[in-house]
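Student: Mind looking over this structure? Questions follow.
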Amino acid sequence: MKSDFGRHIDHTLLRPIATTTDIRRLCTEAIEYGMAAVCVFPSYVPMAREILKESRVKIATVIAFPFGVTYTEIKEAEMRTSAARGADEMDFVINIAALKSGDDRAIEQEMEYLTSKARTIGVRTKFIIETAYLTDDEKVRVCKVANRVKPDFMKTSTGYGPSGATVEDVRMMRSSLLPEIQIKAAGGIRSYAEALQLLQAGASRLGTSSGIKIIEEASKL
């Protein structure tokens, strides 16, 4: 795990003031450190595609970020446009307000619709549930929705909520989700020790802006 730790990491840059220079650096670092993907805003997907076209690094982008409270058709349009410009993976924010309101049916209908459309165009799906806003009951309920839909990943956090990924939340999600649904832990992961704990708890992908620090720490052990 240590020698190729980058394969677990989505090298992430979702700061609103990130520049094109920052994005170029992110992509070249992802290649150098053997990371799974970069995660960038949709408008940076074409640049990332150009830089990464000869590499195995995937391009993830965020949809309806960071609150998820828009129309399903808008989420689909963001996905299709991003895919057409080179994105491989879509990190959708669920409609957090709908879940908090108890409207699990709306969550399921949207997740089913977007997952189905994503499969027709060959992109992977990750649904961000923003665990810091949810009760344990809500976390379990949304995992049950996911079990019926079977997206590729469920993701803990946007990085813009009150807190990010926790070992406890990842364990709860892993125990509630079907084995084939992977977990992406994101938000506040800044050290190899934290990263390793999250992987051991059941995550398979980590969204972090501290990927280089984590990989370098891993290589020293």
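Student: Select from the range 135-148 the residues that are surrounded by fewer than 20 Cβ atoms within 10 Å (Cβ to Cβ) and closer than 16 Å to PHE92 by Cβ and list them in ascending order.
Tutor: None; the set is empty.
Student: Name the residue that is surrounded by the fewest Cβ atoms within 10 Å (Cβ to Cβ), counting only residues in the range 31-46 that are assigned to a helix (DSSP H, G or I) and β-branched (Val, Ile, Thr).
Tutor: If we filter the range 31-46 for residues that are assigned to a helix (DSSP H, G or I), which is where we start, we get 31-32, 42-46.
Now restrict to residues that are β-branched (Val, Ile, Thr): 31, 45.
Details: ILE31: 17, VAL45: 23.
Checked the range 31-46; the qualifying residue surrounded by the fewest Cβ atoms within 10 Å (Cβ to Cβ) is ILE31.
Yes/no per residue for (1) more than 22 Å from HIS8 (Cβ to Cβ); (2) without any contact (Cβ under 8 Å) to a residue 12 or more places away in the chain; (3) not hydrophobic (A, V, I, L, M, F, W, C):
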| site | (1), (2), (3) |
| --- | --- |
| ALA30 | no, no, no |
| LYS58 | no, no, yes |
| VAL69 | yes, no, no |
| ILE74 | yes, yes, no |
| ALA77 | yes, yes, no |
| SER82 | yes, no, yes |
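Student: Could you list all residues from the range 47-80 that are surrounded by fewer than 15 Cβ atoms within 10 Å (Cβ to Cβ) and in a helix (DSSP H, G or I)?
Tutor: Within the range 47-80, GLU50, GLU73, ILE74, ALA77 meet the criteria.
Student: Does ALA132 fit the bill of being closer than 27 Å to ARG80 by Cα and under 18 Å from the mean Cα position of the chain (by Cα)? Write out each step before concluding.
Tutor: Working: closer than 27 Å to ARG80 by Cα: no; under 18 Å from the mean Cα position of the chain (by Cα): yes.
In short, no.
Student: Kindly indicate which of THR166, THR61 is of a type in the set (Val, Ile, Thr), closer than 27 Å to MET35 by Cα and within 13 Å of the chain's Cα centre (by Cα). Give the derivation first.
Tutor: Working: THR166 fails: within 13 Å of the chain's Cα centre (by Cα).
Residue meeting the stated conditions: THR61.
Student: Can you say whether LYS53 is among the basic types (Lys, Arg), at pLDDT below 95 and more than 20 Å from ASP152 (Cα to Cα), as far as the supplied structure shows?
Tutor: On the way: among the basic types (Lys, Arg): yes; at pLDDT below 95: no; more than 20 Å from ASP152 (Cα to Cα): yes.
Criteria not met by LYS53.
Student: Can you find a residue that is assigned to a loop (DSSP other than H, G, I, E, B), among the acidic types (Asp, Glu) and surrounded by fewer than 18 Cβ atoms within 10 Å (Cβ to Cβ) anywhere in the range 176-191? Explain how you work it out, then say what you get.
Tutor: To start, the set of residues in the range 176-191 that are assigned to a loop (DSSP other than H, G, I, E, B) comprises 177-181, 187-191.
So of that shortlist, the ones also among the acidic types (Asp, Glu) come out as 180.
Remaining after also requiring surrounded by fewer than 18 Cβ atoms within 10 Å (Cβ to Cβ): 180.
Among the residues of the range 176-191, at least one is assigned to a loop (DSSP other than H, G, I, E, B), among the acidic types (Asp, Glu) and surrounded by fewer than 18 Cβ atoms within 10 Å (Cβ to Cβ), which makes the answer yes.
Student: So which of ALA165, ALA146, ALA132 ends up being without any contact (Cβ under 8 Å) to a residue 60 or more places away in the chain, in a loop (DSSP other than H, G, I, E, B) and not polar (S, T, N, Q)?
Tutor: Numbers: ALA146 fails: in a loop (DSSP other than H, G, I, E, B); ALA132 fails: in a loop (DSSP other than H, G, I, E, B).
Sole residue among the options that is without any contact (Cβ under 8 Å) to a residue 60 or more places away in the chain, in a loop (DSSP other than H, G, I, E, B) and not polar (S, T, N, Q): ALA165.
Student: Still on this structure: With the requirement that a residue be under 22 Å from ALA60 (Cα atoms) and either in contact (Cβ under 8 Å) with a residue 60 or more places away in the chain or among the polar types (S, T, N, Q) (or both), what does the range 172-190 give you?
Tutor: GLN182, LYS184, ALA186
Student: Specify the residue that is nearest to SER157 (Cα to Cα); the eligible residues are those in the range 1-30 that are in contact with a Leu (Cβ under 7 Å, 6 or more places away or on another chain) and in a helix (DSSP H, G or I).
Tutor: Ranking the candidates gives HIS8 first.
Student: For the range 1-30, what are the residues that are surrounded by 13 or more Cβ atoms within 10 Å (Cβ to Cβ), closer than 18 Å to LEU206 by Cα and in contact with a helix residue (DSSP H, G or I) (Cβ under 7 Å, 6 or more places away or on another chain)?
Tutor: Across the range 1-30, the qualifying residues are PHE5, GLY6, HIS8, ILE9, HIS11, LEU13, CYS27, GLU29.
Student: Let me ask something else about it. Out of ARG24, ARG49, ARG105, which single residue is free of Cβ contacts under 8 Å to residues at least 12 places away in the same chain and on the phi < 0 side of the Ramachandran plot?
Tutor: Values: ARG24 fails: free of Cβ contacts under 8 Å to residues at least 12 places away in the same chain; ARG49 fails: free of Cβ contacts under 8 Å to residues at least 12 places away in the same chain.
None of the other options fit; the residue is ARG105.
Student: Scan the range 191-208 for residues that are among the charged types (D, E, K, R) and in contact (Cβ under 8 Å) with a residue 60 or more places away in the chain and jot them down. Talk me through it step by step, then tell me what you get.
Tutor: Pass one, the range 191-208, residues among the charged types (D, E, K, R): 194, 205.
Correct list: ARG205 only.
The values are calculated or read from the model by the stated rules, or taken from the named source; none is laboratory data. These numbers come from a predicted model, not from an experiment. Cβ atoms come from the backbone with ideal geometry, glycine included; neighbour counts cover every protein chain shown.
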